[in-house]
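Report on the following structure.
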Amino acid sequence: MSRSHDAECGHACDCRTPLRRSGTQGVRLVTEHRHVRARAAQIMGRPGRDRSLELRGPRWGEALEGVLAELTHSERLALHAVPLDDPEALPVRAPTMAGRARTPWLPTLLNDGGLFPHFQPIVDLRSGAVHGREALMRGEHEGTTLSGGEIVQAAADHDALFHFDAQARTTALARGLPLLPPGETLYVNFTPTAIYDPSVCLRTTWAVARRLGMALDRVCFEVVETEAFPDLEFLGEILDAYRERGARVALDDLGSGNSSLLYLRELRPDVVKLDKGLVAGVDRDPPRGRMLTALVDYAHELGIHVVAEGIETPAELAACQTAGVDLGQGWHLGRPAATPYPVDATLVTGLARAA
């Protein structure tokens, strides 16, 4: 059993099953499109009668990457792959299979509980005090630290988002809550597509808090890729499950479009995090600054606190303060670290005095 799993929860869904470690030594490429098959055969140097689309050997993944690099986007979408050691397996998209070849470490990382969090401060833009910390997942492979983005993409390629999401949530709580400074909130990410039944899929979450003897009122669960999840009613049920346990909820990476406003109005989260694209360079873009102010005003009318992500410069920080943003996060205010650390409040208050 993975070290990040909690046996006391009685959890029995698929995310508890160890991932299969793939040992395939090659793939067979398949497609229903004659043109794509001919293009792949040509790229592989197999014209004429030899139309085999098999890639064998320890470097088959690199060979597949080479084929994909020569195809158009549409051709790549039409090309699939089947492992040679499992001919009965269902075909998967060739780019996904190439991703698995690039990340053979993913099953070991998840099966052995290899995830660990780094904590990035979230700062009050009025007082400069630290409001909370976001737990950002990391991993290690052959001495190299893996970013959260790398791990998430690998999990998607290995069809392991359920495994990753469950372990990331429980790891963030198990390691983050004991380290959290008094009065601060721990922000924990989760992917709604990895939850098919809140009463089942969240048992590990409740079990960790129960084992630590800590109330969830110090936790804010943060929905990532909010607008990629179209089922608003079900997403609302997931958020309600967290709230019933005393936690707060946040929506991450919301932009300025109609869909963002719809999600805010229908879900009424406690916190909304603005997309980095809204914040980057906002000090040099007056129309975007006015749009940012309008979005903040709308969120405040709904009783929602606003976090600006991706604050990298004093000028961006000042623009967010002018727009009425409540909280800020970004490298200017503090980078992720293995343990929570103090943040210099004058980064905020000094800027306010200078203005």
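Points worth noting:
- Estimated purely from DSSP H runs of n ≥ 4, each contributing -39500 (n - 2.57), the mean residue ellipticity at 222 nm for the chain is -12000 deg cm²/dmol once divided by its residues.
- Segment 49-115: GluC sites (Glu not before Pro) falling in loop per DSSP and having at most 12 other Cβ within 10 Å: Glu88
- In a fully extended conformation the segment linking Glu65 and Leu212 would gain 48.4 nm over its present Cα-Cα distance, using 0.36 nm per residue.
- Taking every DSSP beta bridge that has both ends in the chain, the antiparallel portion is near 50%.
- The charge dipole of segment 236-324, taken about its Cα centre with unit charges on the Cβ atoms of Lys, Arg (+1), Asp and Glu (-1) only, comes to about 120 debye.
- The stretch between Thr193 and Glu54 holds 46.7 nm of extra length on full extension. This uses 0.36 nm per residue minus the Cα-Cα distance.
- Axis angle, to the nearest 10 degrees, between helix 34-43 and the longest C-alpha principal axis of the chain: 90 degrees.
- Low-density loop positions, GluC sites (Glu not before Pro), segment 140-205 - DSSP coil, at most 13 other Cβ in 10 Å: Glu142
- Segment 26-102: translational diffusion in µm²/s, Stokes-Einstein, Kirkwood Rh over Cα pairs, 10 °C, 1.306 mPa s: 130 µm²/s
- In loop segments of segment 176-216 as defined by DSSP, the chymotrypsin sites (Phe, Trp or Tyr not before Pro) with at most 15 further C-beta atoms inside 10 Å of their C-beta are Tyr196.
- Taking all C-alpha pairs of segment 101-251, those more than 26 Å from each other amount to 25 percent.
- Using the Cβ-Cβ distance between Ala156 and Glu301 with R0 set to 30 Å, the FRET efficiency works out to roughly 0.25.
- For His73 and Arg245, a Förster radius of 41 Å and the Cβ-Cβ distance give a FRET efficiency of 0.40, rounded to the nearest 0.05.
- The calculated pair-distance distribution of the chain uses every alpha carbon pair, bins of 10 angstrom beginning at 0, and gives 5, 22, 27, 23, 16, 7, 1, 0 percent.
- Relative to the current alpha-carbon distance between Val200 and Tyr341, full extension at 0.36 nm per residue lengthens the span by 47.3 nm.
- Put simply, the amide H of Ala129, placed in the peptide plane, has neighbours under 5 Å in Asp124, leaving out anything fewer than 5 places away on its chain.
- In sequence order, calculated HN-Hα J values of segment 106-121 (Karplus, 6.51, -1.76, 1.60; Hz; x Gly/Pro): 4, x, 5, 4, 7, 5, 9, x, x, 7, 8, x, 10, 10, 10, x
Coordinate-derived values only; no laboratory data. Since the structure is predicted, the reported quantities are computational estimates derived from the model, not experimental observations. So basically every Cβ, Gly included, is an ideal-geometry build from the backbone, and we count neighbours across all protein chains shown.
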